[in-house]
């Protein structure tokens, strides 16, 4: 028997429980299951590859439910802290990462097309199973800044020193590329 089949559904809220990796999403929607738990960030290889380091756990608060239109949804938030390379000074910068999301749980592309625009589709497998860790990792990855920087007051920008040349070209008269236009205008 796999771990995903052994998940007891004891109460609507499983506070501080270990967040299961794969779940029966359809069943969790029907019982309106809520999880508040952490994922060890070292278990999320794509996140580890996208940042310099991520030692903080990914804290999640999620709920399986149905919306007013009876769509199966996964609503929640996740947050963590990562170290990335500052794009101004090229030094390490610690970035808080937070994501709030509302996902529509579907079985195929046709159902995904029927979802309201506010819901991002997530496809379940044929047994209504969802890789929960992968889905939450996607949300964290989408929340990463594309241009991470320190606040300006903290950034130690390393400016290259200007190179000096042996000859100074400032006295050399260069032709103005607009002289031809000025001559045409005078005619």
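The numbers here are math on the coordinates, done by the rules we state, and not lab data. Keep in mind the model is a prediction, meaning the values are calculated, not measured. Methodologically, a virtual Cβ is constructed for each residue, glycine included, from the backbone with ideal geometry; neighbour enumeration extends over all protein chains shown.
Among 115, 44, the ranking by other beta carbons within 10 Å of each residue's beta carbon, starting with the fewest, stands as 115, 44.
Summary of packing: across the peptides 146-155, 119-128, the per-residue average of other C-beta atoms within 10 Å ranks them, highest first, as 119-128, 146-155. Counting only the Cα atoms, the range 57-157 fills a convex hull of 121 Å³ per residue.
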